1. Please sort through the DSSP H helices of the chain and keep those with an alpha-carbon extent of at least 20 Å along the long axis and a Kyte-Doolittle average not below -1.0.
2. Along the Cα→Cβ direction, 7 angstrom out, place labels at ARG104 and GLU335. What is the inter-label distance in nm?
3. Normalise the Debye intensity by I(0) for the range 2-271, one equal point scatterer per Cα, no solvent, then take log10 at q = 0.07, 0.16 Å⁻¹ and round to two decimals.
4. Which percentage, to the nearest 5, of the DSSP beta bridges contained in the range 1-102 is antiparallel?
5. Of all DSSP beta bridges in the chain, what percent run antiparallel (nearest 5)?
6. With θ taken as phi - 60° and the coefficients 6.51, -1.76 and 1.60, list the Karplus ³J(HN,Hα) couplings across the range 451-458 in order, rounded to whole Hz; mark glycine and proline as x.
7. Can you return the lysines within cross-link range of LYS7? Criterion is Cα-Cα under 27 Å, with same-chain partners fewer than 8 residues away left out.
8. Under 22 Å between alpha carbons, and skipping anything fewer than 8 positions from LYS278 in its own chain: which lysines qualify?
Amino acid sequence: MKALNRKNFNKNKYPTKIMQYGEGNFLRAFIDWQIDKLNETTQLNAGVAVIRPIDYDALPLLNVQDGLYTTIIRGLNEQGESVADHRVISSINEEIPVYKEYSRYMKLAENPDLKIIFSNTTEAGIEYIDTDKLDDAPAKAFPAKLTQWLFHRFNHFNGSTEHGMVIIPCELIDYNGEKLKEIVHQYCQLWQLPNEFIQWLDNANHFCSSLVDRIVTGFPRDEHQQLQESLGYLDNFMVTAEYFHLFVIQGPQHLAQLLCLEGSDLNIKIVDDISPYKQQKVGILNGAHTALVPLAYMANIDSVGDALAEPLFEQYLTKLIFDEIIPTLDLPEDELKRFANDVLNRFRNPYICHLLLAISLNSMTKFKTRILPQLLTYAKTRQALPNMMALALAGQILFYRGIRNNEKIALTDAPQWLEVFDTIWQDFDKNTLSLEQLVSQVLGATWHWETNLNDIPALTDTATTHLRNMLTNGVADTLTKQLGQ
């Protein structure tokens with residue numbers, strides 16, 4: 001078989017208009033995949049220069065395949081139909097290892113066609129290291145490297161506002177654009193850069209916060225040889241991902257024109273405020289995950305896909321999301337319902353095996369951030385208790401008993417919570433603590449919840465009743481009766 005490269009495959013090459021910090025699977029199956037589709041369907045005509053921001057040689061550069069690689073997108077579409085699509089990505093022009101070719105990296109700052117910067121250097125990448133210096137080649141921290149590059153661009157173009165950049169970090173931290181800009185300003189102060197540069201930084205550049213959503217399953221190690229034979233060529237950089245994708249950018253409206261989004265079918269949104277979309281993702285996607293895990297696992301189910309194959313759990317999640325979560329969120333109802341249906345299809349994806357135990361890590365914090373805000377909002381606005389969320393809370397407490405089918409569960413959470421649950425369940429087993437007292441202690445942990453959940457009308461009694469039924473009759477029977485089946 002032929003190797004995948006530009007000599008063997010005649011693929012389009014585009015002028016470099018985008019720079020990207022990070023060469024990992026996520027960016028290649030998310031950003032570069034979208035750029036490739038825009039190149040094909042619009043007038044974008046943009047190539048990407050990828051910067052390898054860390055000094056390591058464990059993996060070869062994308063240059064060995066002339067930047068070409070295959071994305072394999074698999075899952076269920078909006079109609080619930082199975083989809084498997086492969087695409088040779090040709091949007092990447094080069095990969096520059098910044099620690100070995102720093103001058104080549106800095107030379108990119110002199111390219112007048114460059115307009116956009118993307119990054120994903122992991123959550124730890126957006127950091128401030130006070131030992132970084134302007135004349136390091138390069139500085140260690142990603143924001144310091146970016147500041148070096150922007151300062152060179154400012155000097156090269158004599159502070160021209162036409163040569164500012166749109167900078168879109170994709171790291172998974174809240175308001176990543178604002179955080180990145182804040183640290184760049186710290187380097188301006190540390191390095192005593194001129195006020196003219198700082199003004200150019202603020203007035204000619206846009207640091208855009210973003211929300212990214214796509215499960216990228218990465219290199220298909222177990223299927224690699226089979227996929228190469230099916231495709232008919234050798235590709236050591238292929239990457240797999242789910243069908244769904246969402247990219248929300250809090251940025252200037254002219255970014256839509258810059259990316260040539262008009263007429264595109266990509267799920268990219270340019271918005272003034274990213275907050276409602278974050279709440280949508282946390283509430284619907286993450287909240288449904290967190291609610292499902294303990295209930296399904298304690299019903300002897302081990303993966304998300306297996307849970308959704310059971311009508312009982314599909315009905316539970318549907319009622320939880322549509323009746324209790326969506327009414328608490330601040331986006332148009334039809335948009336929320338579309339996202340919710342996409343989430344359920346993502347959970348059903350036969351190409352992804354999400355083990356419930358893996359998702360269960362630190363579930364007490366996840367419950368606080370993903371479900372509690374919706375529970376409090378629902379109780380306040382509806383003057384009623386969201387019963388599906390109460391069932392999730394009871395399931396959570398049952399899960400933290402740490403036993404399934406008389407076998408121990410490997411619980412992973414804050415030591416303080418593990419100690420609390422160990423103590424109260426032992427006291428319950430010794431008949432020195434009633435079930436209602438046990439639930440009351442969990443709900444009264446103000447050190448965690450920052451409020452006393454026993455004050456929510458009917459929550460303590462309802463969660464206790466659900467938990468008692470789960471202990472006596474099992475989770476499946478309890479859900480069945482609550483759902484009226």
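Quick note: the coordinates plus some simple rules give every number you see, no bench work behind them. Keep in mind the model is a prediction, meaning the values are calculated, not measured. Reconstructed Cβ throughout: ideal geometry from the backbone, glycine too, with neighbour counts over all protein chains shown.
1. What comes out of the filter, once short or polar helices are dropped, is 142-156, 176-190, 415-429, 459-473.
2. Once both label points are built, they end up 4.2 nm from each other.
3. -0.25, -1.29
4. 45 percent
5. 40 percent
6. 6, 9, 5, 5, 7, 6, x, 6
7. Once the sequence-local lysines are set aside, what remains near LYS7 is LYS17, LYS37, LYS100, LYS107.
8. Within the straight-line cut-off, LYS278 pairs with LYS179, LYS181, LYS269, LYS319, LYS337, LYS366, LYS368, LYS380.
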